[in-house]
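What follows is a single structure, written as structure tokens, with notes after it.
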Amino acid sequence: MLGDNHIFSSNLINDLRLSYTRGVFSEDFSPEFSIKSGRNLATELGLPSLTTGGLPLFQISGDSAYNAFADVGSSGSTNNYNVEDRMSLNDTVYWTHGNMSWKFGTELGLAHLNVIPFFGASGGRWEFRVLNTSDNRGTNVANGGNNLASMLLACLTQSRFARCY
């Protein structure tokens, strides 16, 4: 904040205030897998990705509670870059004329929020369902399917997943 009180005469005073604030509220991975400048595990595994760095999320608990909380990787909905800038200008003129006192002023403000959401873009969200390995292509655990086995089956049979480890 910068302020200037200027006295022009005994009955005319100007009060000027300028302020600027900047806040960065970002959620990123560790520096090794930073979304903008780190490694990208998805591209290293041969999977498509929209960002330079990042981690894919392999969801292997989607169809049932059989593999509850067994997801591997990361792709949180809070992955984003938030930068907030605020600028303001306040100017007040005090004028005394006889037995009256006048006050004139203005206030100008500008707020800018720059958000780049990444969510699933930083490596993708990959979900493998039990129906690929179930008895009757059903999605229940009772049908014998397993998410992890379906993922491994996809790695072996699909040419685009040829680099799965």
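The values are calculated or read from the model by the stated rules, or taken from the named source; none is laboratory data. As the structure is a prediction and not an experimental result, all values here were calculated from the model. FYI the Cβ positions are ideal-geometry reconstructions off the backbone, even for glycines, and counts take in every protein chain you see. These area figures cover heavy atoms from the full protein model, side chains too; ligands, DNA and RNA do not enter into them. Shrake-Rupley method; radii C 1.70, N 1.55, O 1.52, S 1.80 Å.
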**Fill in**
At R0 = 41 Å the Cβ-Cβ FRET efficiency linking residue 108 and residue 32, nearest 0.05, sits at 0.40
**Fill in**
Computed from the beta carbon distance with a Förster radius of 22 Å, FRET efficiency for residue 89 and residue 116 to the nearest 0.05 stands at 0.20
**Fill in**
Under the 7 Å Cα-to-Cβ spin-label approximation, residue 81 and residue 15 lie apart by a distance in nanometres of 4.0
**Asked** What do you reckon, how do 7, 35, 13 stack up by accessible area (1.4 Å probe), largest on top?
**Response** 7, 13, 35
